[in-house]
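K.L.:
Before I ask anything, here is the structure I am working with.
The values are calculated or read from the model by the stated rules, or taken from the named source; none is laboratory data. Here the structure is a predicted model, which is why all the values come from computation and not from measurement. Glycine gets a Cβ as well: all are built from the backbone with ideal geometry, and neighbour counts include every protein chain shown. For the accessible areas, the whole protein counts, side chains as well, though only heavy atoms, and no ligand, DNA or RNA atoms are used. Shrake-Rupley method; radii C 1.70, N 1.55, O 1.52, S 1.80 Å.
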Amino acid sequence: MNVKMKPMVGRMLKGAVAAALMSVTCSAVNAAELTIIGHKVHKNVSTGEKGGDFAGEWAKASNSKINWLTFNVQAIHERLFREASLGSTTIDVGFAANRYFAPHFPKMFQSLDEYNAKSPIENFDELPKGMLGALTYNGKLYGIPFRHATGALHINTEIFKEKGVAIPTTFEEVLAAARKLTFKRSDGTNVYGMLLDARNPTIITDFARAMNNGDYLTPDFKLKANSPAMVKAVETVVRMFKEGVLPEAYLNFKTEDVITYMQQGRGAMAISPFGRYRNYNDAKKSKVAGKVISIAVPKSETLKGFNVAPVRTEFWAMLIPKNSDNKDLAWDYIRNAVSPENTIRAAVNGNGPVRPSAYSDQRVKDKVPYAAAEQAVLAVARPPVPGFGNSAKAEDIFVEEVESALLGRKSAQEAMDSAQARITPLLPK
Amino acid sequence: MFEDRKWLPVFLISPANVLLLLFIAVPSIYIIWLSLHKLTFGMSSTFVGLDNYIQIFSDPIFWRAALNTFIVVNIVVYAELALALILALALNTNFWGKGLVFSILIAPYAVSEVSAVVMWRYLFEPDIGMFNMVLQSFADIQLNWVRNPTHGLTLISILSIWIHLPFTLIILYSAISTVPGDLKNAARVEGATEWQVFLKVTMRFIAPAILVAMMFRYIFATRLFSEVWLLNEGGPARLTEVLGTYLFRAAFRYHDFGTAAATGLAMQFLALLVASFYLYKLYKRMQADG
């Protein structure tokens, strides 16, 4: 038996050595893998067709492989923060939205100043100071802005033509057009004048800004939830809901619902970021492809000092978890992704470019129909809320109070007074 | 070592005990520890005593969520039991196509909760939902779960019953199948009506199974989450929030792990409170049966 066992043991040993070698080889290959966590849109604009796959080109040039992990907004941050809090992580680059920026970033993410000093981002000074400021804690930079999402008014021109309504030039005309364009088709389909994402509280800020340049929460954490501008904005949305200008299902409306209704031709207008232009005009999914235009949200007749409404702009930044093993590679990816050339290519793929010069590029002018409008809005737009530790809690309270007003359980003033009282203790002291 | 066989039973059950210790006791102790601390991503934990409990118990939304959970759980458990009992009795007779009917009845258990919620959500969509259109045409009413919290909780209950009915049905059907036929015949010979046979014979036989089904469903139903979160996230205005969604918000949206742990323990306590009543009944019955 022992005689028979010997060759078997030998084979097993050889197998084990081979397996160990394979595992070493595999880890050598895996060492060049870069894992990025973000939204699908981040992947799409980095690998798109119109502007080209600059992420893929970088991977090829750096002999590495990109592993994209894409989730919805909330899940991205939950996973990114969780991974960055662990002893080690496989995530090398994470996208985070400005409203999730919080003072505990320095404990989880790598300060990028040294990387930028050693291997600088091309024309770094062009990146907006405001965005960089929001990513700076204790004088150190923790993220590099990549994308902005700025509010636009999307118009289904077919419905406007059908009902003989002119494209609005003031916010009052927007509201009037929304009423006129709410109707039932002969086949029983309801068409709504306006579509909004109800779970996004910043929509109300858009209304407040378009009518009165109002604010909900200022960058220095002054809460203005019950200011006359905000109360008037809530009253306006409540009135639109009661009149049926907003869909019956509005209280449960999310981004996906707005996109679906617009694609099905069940909405005449929508206020959402400029980037949605591609979704609404997607020939594969939209019944109204080619008929939706995206313009700046018009300001109120009474609002002075602006050409267009100073609506919200939100932005996404790329961060490197402190516990990533691939920090050099991650930095190389980041500096490549935000180079002036790739900012233009991403813009052509549908990204909101964080470098103002991208709007002057002929490729952007030719292939992004809303580029000039977006540039005009970006000049006056500002983030609706600054990031802080309790931002998600505050957001839920705000949405809850607005919904109470929509249900008629509270007046707009009562709802906003309650929001003011409940959110104030959550703000940074 | 095992000569007197005193340690043999301990040794034999030790793998199960180790598993219980690792997967139940250790995490439970950690959760208790967590519930007494303030902890979020990137921050070191701070001992806060009972602050997390005080915070949740003084939050009106927590109590609303607890009340909603209590209402939905009771509707779901009792409606499921009643429906499962009727169906199990019907299935206990012989009829053509019984296998097919049984398969159809247990099919929802194979459907993922996500798919089920999406399906029911669109059936009752206020604008284009098929069921709501039918209700509107025939009775001029709608199940407006988007706007009306009572309707919302009703749809959540319907959904939950639809998904979990097969579980209760299988337990009760198995129990009913084991009721001896000659005992029922003997009762009939003694002059018992069919109702009396059901009440005095069948029900006595299946009572332990009903208790088991009830206990399991109470425990599972208390953890109600996906039906609510996927349907309306506890809206409008958090009026249909249940404890599961309250906990989810604390843990995965606010990253407030201390509060989430305290909520989890409160849920556990409520589930145990309900389960202990049925466990006690079961224990007494087992004692009575010798």
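K.L.:
Determine the residues within the stretch A:104-122 where the difference in accessible area between the chain on its own and the full set of protein chains amounts to at least 20 Å²; count protein heavy atoms only and use a 1.4 Å probe.
P.N.:
In the stretch A:104-122, residues shielded by partner chains: A:104, A:107.
K.L.:
To continue, here is another question. Which is the longest part of chain B that has none of the GluC sites (Glu not before Pro) sitting in a DSSP loop with at most 16 other Cβ atoms within 10 Å?
P.N.:
By the stated rule (loop sites, at most 16 other Cβ atoms within 10 Å), B:4-189.
K.L.:
With runs of 4+ DSSP H residues as the only contributors, calculate the mean residue ellipticity of chain B at 222 nm using -39,500 (n - 2.57) per run, divided by the residue total and rounded to the nearest 500.
P.N.:
Only helices count here, giving -22000 deg cm²/dmol.
K.L.:
To continue, here is another question. Anything losing 40 Å² or more of accessible area from the isolated chain to the full protein assembly: pick those residues out of the stretch B:104-137, probe 1.4 Å, ligands and DNA/RNA ignored.
P.N.:
Listed in order, they are B:121, B:127.
K.L.:
For the interface of A with B, what's the total buried accessible surface in square angstrom, probe 1.4 angstrom, rounded to the nearest hundred?
P.N.:
By this definition, chains A and B bury close to 2800 Å².
K.L.:
HN-Hα J couplings of the stretch B:96-102 from phi, Karplus 6.51/-1.76/1.60, θ = phi - 60°, integer Hz, Gly and Pro as x?
P.N.:
These are the phi-based 3J(HN,Hα) values: 5, x, 4, x, 5, 4, 4 Hz.
K.L.:
Now for a separate question. With a Förster radius of 45 Å, plug the Cβ-Cβ distance of residue B:177 and residue A:67 into 1/(1 + (r/R0)^6) and report the FRET value to the nearest 0.05.
P.N.:
Given R0 = 45 Å and the Cβ-Cβ separation, E is 0.30.
K.L.:
To continue, here is another question. Place +1 on the Cβ of every Lys and Arg and -1 on the Cβ of every Asp and Glu in the stretch B:59-289, take the dipole about the Cα centre, and give the residue among B:104, B:176, B:252 whose Cα lies farthest towards its positive end.
P.N.:
Result: B:176, furthest along the dipole toward the positive end.
K.L.:
Let me ask something else about it. Label points 7 Å out from Cα along the Cβ direction at residue B:54 and residue B:106: separation in nm?
P.N.:
5.3
K.L.:
Rounded, prolate or oblate: which fits the protein assembly as shown, taking a ≥ b ≥ c as square roots of the Cα gyration tensor eigenvalues, rounded meaning a/c under 1.5, else prolate when a/b beats b/c?
P.N.:
Because a/c hits 1.5 or more and a/b fails to exceed b/c, the protein assembly as shown counts as oblate.
K.L.:
Threshold 50 Å², probe 1.4 Å: give the residues of the stretch B:234-279, in number order, that are less accessible with all protein chains present than with their chain alone.
P.N.:
B:237, B:252, B:253, B:254
K.L.:
Computing the accessible area with a 1.4 Å probe over protein heavy atoms, can you report the carbon and sulfur percentage for the stretch B:59-289?
P.N.:
Result for the stretch B:59-289: 71 percent of the exposed heavy-atom area is carbon or sulfur.
K.L.:
Continuing with the same structure: Within the accessible area of the stretch A:241-368, what % is carbon and sulfur when the probe is 1.4 Å and the other protein chains stay in place?
P.N.:
47
K.L.:
Name the chymotrypsin sites (Phe, Trp or Tyr not before Pro) in the stretch A:205-234 that are in a loop by DSSP and that have at most 14 other C-beta atoms within 10 Å, would you?
P.N.:
Sites meeting the loop and neighbour criteria: A:221.
K.L.:
Turning to a different aspect of this structure: Relative contact order for the stretch B:59-289 using alpha-carbon pairs under 8 Å, separation at least 6, rounded to a whole percent?
P.N.:
For the stretch B:59-289, the relative contact order is 27 percent.
K.L.:
Then there's this: Residues of the stretch A:334-348 with amide nitrogen under 13 Å from the 7 Å Cα-to-Cβ point of residue A:57?
P.N.:
Flagged as within label range: A:336-348.
K.L.:
If you don't mind, another one. Which net charge results when you count Lys and Arg as +1 and Asp and Glu as -1 among the other residues whose beta-carbon is under 14 Å from that of residue A:91?
P.N.:
In short, -1.
K.L.:
Another question about this same structure. Going highest first, how would you order A:270-277, A:111-118, A:51-58 by mean Cβ packing within 10 Å?
P.N.:
The packing order, highest mean first, is A:270-277, A:51-58, A:111-118.
K.L.:
Hey, another quick one. Amide H of residue A:309 versus every other amide H placed in the peptide plane: which residues, excluding those fewer than 5 positions away on the same chain, fall under 5 Å?
P.N.:
A:297, A:299
K.L.:
Counting only heavy atoms of protein chains, what accessible area per residue, in Å², does chain B have with a probe of 1.4 Å?
P.N.:
Value for chain B: 54 Å² per residue.
K.L.:
I would also like to ask the following. Between residue A:243 and residue A:426, what is the spin-label point distance in nm, taking each point 7 Å from the Cα along the Cα→C-beta axis?
P.N.:
3.1
K.L.:
Next question, about the same structure. Assign unit charges at the C-beta atoms only (+1 for Lys and Arg, -1 for Asp and Glu), then state the dipole size of the stretch B:59-289 relative to its Cα centre in Debye, rounded to the nearest 20.
P.N.:
The calculation lands at about 520 debye.
K.L.:
If I take every Cα pair under 8 Å that is 6 or more residues apart in chain A, average their sequence separation and divide by the length, what percent do I get for the relative contact order?
P.N.:
Dividing the mean separation by the residue count of chain A yields 24 percent.
K.L.:
Once R0 is set to 51 Å, what does the formula 1/(1 + (r/R0)^6) return for the Cβ-Cβ distance between residue B:74 and residue A:107, expressed as a FRET efficiency to the nearest 0.05?
P.N.:
0.70
K.L.:
Where does the charge balance sit around residue A:236 when Lys and Arg score +1, Asp and Glu -1, over other residues with C-beta under 13 Å from its C-beta?
P.N.:
Net local charge, residue A:236 excluded: +1.
K.L.:
So what's the net charge close to residue A:332: Lys and Arg +1, Asp and Glu -1, counting the other residues with Cβ under 15 Å from its Cβ?
P.N.:
Taking every Cβ under 15 Å from that of residue A:332, the sum is -2.
K.L.:
Peptides B:141-148, B:198-205: what's the order by average Cβ count within 10 Å, highest mean first?
P.N.:
My ranking of the peptides, most packed first, is B:141-148, B:198-205.
K.L.:
While we're on this one: How long, wide and thick is the stretch A:305-413, going by the Cα atoms along their three principal axes, in whole angstroms, largest first?
P.N.:
For the stretch A:305-413, the Cα extents along the three principal axes come out at 52, 44, 23 Å.
K.L.:
Amide H to amide H under 5 Å from residue A:109: which residues, 5+ apart in sequence or cross-chain, H placed 1.01 Å off N in plane?
P.N.:
Correct list: A:322.
K.L.:
Below 23 Å, Cα to Cα, which lysines can residue B:281 reach? Residues fewer than 8 away in the same chain don't count.
P.N.:
Counting by Cα, and skipping residues close in sequence, residue B:281 has these lysines nearby: B:200.
K.L.:
Could you go through the stretch B:154-160 in sequence order and give the Karplus-derived ³J(HN,Hα) for each residue, using 6.51 cos²θ - 1.76 cosθ + 1.60 with θ = phi - 60°, rounded to whole Hz, and x for Gly and Pro?
P.N.:
5, 5, 4, 5, 4, 4, 5
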